[in-house]
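The structure appears below as structure tokens.
The values are calculated or read from the model by the stated rules, or taken from the named source; none is laboratory data. The structure displayed is predicted, hence computed values, not measured ones. Quick reminder, even Gly has a Cβ in these numbers, built from the backbone with ideal geometry, and neighbours come from all protein chains shown. Ligands, DNA and RNA are stripped out before the accessible areas are found, and what is left, the full protein with its side chains, is counted by its heavy atoms. Shrake-Rupley method; radii C 1.70, N 1.55, O 1.52, S 1.80 Å.
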Amino acid sequence: QVQLVESGGGLVHSGGSLRLSCAGSLRIFRTVTMGWYRQAPGKQRELVADITSGGVSTYADSVKGRFKISRDNVKITVYLQMDSLSPEDTAVYYCRAYSRISDYWGQGTQVTVSS
């Protein structure tokens, strides 16, 4: 059974940093796109950043220049470095692994940014 386990969430002051990690058990990790999504209370889940198997990354406009996604195919882990956090970044952050034939989600990790 595929598992994606997020960690690294927590409470941080505005302007602070957090690093999220998502460890997976996928044998096909090297072939899938990995993404970080977030869902704030009362809002739809949205893409934060993703990175293809070839290492090409994309970012939501709201996080460009502040967040950085990376992946380690040996450790089967994807990271999200979040800097200059603001209260608007408060949400549950989810890890996703997907391809044309598969789609897996983690359980989420809470990120709370206080003003």
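Of note:
- Number of the exception - Gln107 against (1) part of a strand (DSSP E or B); (2) closer than 21 Å to Gln3 by Cβ; (3) of a type in the set (S, T, N, Q): (1)
- Among residues of the stretch 70-90 being of a type in the set (A, V, I, L, M, F, W, C) and surrounded by fewer than 22 Cβ atoms within 10 Å (Cβ to Cβ), the one that is nearest to Gly16 (Cα to Cα) is Ile76.
- Applying the set (1) under 14 Å from the mean Cα position of the chain (by Cα); (2) in contact (Cβ under 8 Å) with a residue 12 or more places away in the chain; (3) open to solvent by 40 Å² or more (accessible area, probe 1.4 Å) to Trp36 leaves exactly one unmet item: (3).
- Complete set of residues in the stretch 3-41 that are part of a loop (DSSP other than H, G, I, E, B) and at negative phi: Gln3, Gly9, Ser14, Gly16, Ser17, Ser25, Leu26, Arg27, Ile28, Val32, Ala40, Pro41
- Of all residues in the stretch 55-68, those that are at pLDDT 95 or above have Cβ atoms under 7 Å from Cβ atoms of residues that are open to solvent by 40 Å² or more (accessible area, probe 1.4 Å) and assigned to a loop (DSSP other than H, G, I, E, B), 6 or more apart or on another chain, in Arg66/Asp83; Arg66/Ser84.
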